[in-house]
Amino acid sequence: MRLALFDLDNTLLGGDSDHAWGDYLCGRGILDGAAYKARNDEFYQDYLAGKLDNAAYLNFSMEIFGKHDMRQLDQWHREFMRDCIDALMLPKAAQLLAKHREAGDTLVIITATNRFITAPIAKKLGVEHLIATECEMVEGRYTGRSTDVPCFREGKVTRLNRWIEENGYSLEGSYFYSDSINDLPLLEQVTHPVAVDPDEKLRAEAEQRGWQVISLRD
């Protein structure tokens, strides 16, 4: 079966779920609003500029997971889905996913954002397969650290290649939809790279290479 790969943030969603999670925690008073939001915004601007220090960001963003049990985190996430993520759902993204399902493709969300945040979103979008940055767990609790290869830049290629080998797929005829220049390493690997509402750098790259450019927000 042909693979249809999708970035999540600012591609299938009309915003960034990782950044929105930080804003949600600040808005609820769970984190120090001013200090956390300022640092979170700095990391987000670095991400948009394609110069994110991913290791530093993961340490920053996952620290909260190590301080609370799963029951509390899951409760917060349900509220986060209702209050933040539902508003970021894009009708055209749902139509694009449906188009690939009807074509018999295997749909995969592949995202740099961690699995805790993204697994419920992938489920809501009806996408069974998720490749995401992994959160370390010990005895049923998060440690506040990441584990495995972060699913970011070249790490997306590494994680996808492993998943393909384990599940018996190939990249022949494959699609990958993304908004970000950070995903250039994976866009270069697929048969059909598609820039979705791309950032300035990816738009320039896509136009130079003759890649398709689409919008899911029009």
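Given the structure, is residue 120 within 30 Å of residue 173 (Cα to Cα) and without any contact (Cβ under 8 Å) to a residue 40 or more places away in the chain? Spell out how you get there, then give the answer.
Working: within 30 Å of residue 173 (Cα to Cα): yes; without any contact (Cβ under 8 Å) to a residue 40 or more places away in the chain: no.
In short, no.
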ask   = Quick one: what pairs do we get from segment 183-207, first residue in contact (Cβ under 8 Å) with a residue 24 or more places away in the chain, second buried (at least 18 other Cβ atoms within 10 Å of the Cβ) and part of a strand (DSSP E or B), C-beta under 6 Å, 6+ apart or different chains?
value = 186/176; 187/176; 187/193; 190/176; 196/177; 202/195
message = For segment 33-47, check the following and say yes or no: at least one residue is without any contact (Cβ under 8 Å) to a residue 40 or more places away in the chain, open to solvent by 50 Å² or more (accessible area, probe 1.4 Å) and not in a helix (DSSP H, G or I).
response = no
note = (1) assigned to a loop (DSSP other than H, G, I, E, B); (2) open to solvent by less than 10 Å² (accessible area, probe 1.4 Å) all hold for residue 22 apart from (1)
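The values are calculated or read from the model by the stated rules, or taken from the named source; none is laboratory data. Owing to the predicted nature of the structure, the values given are computational and were not obtained by experimental measurement. We place every Cβ from the backbone using ideal geometry, glycine too, and count neighbours over all the protein chains shown. Heads up: the accessible areas ignore ligands, DNA and RNA and are worked out on the full protein's heavy atoms, side chains in. Shrake-Rupley method; radii C 1.70, N 1.55, O 1.52, S 1.80 Å.
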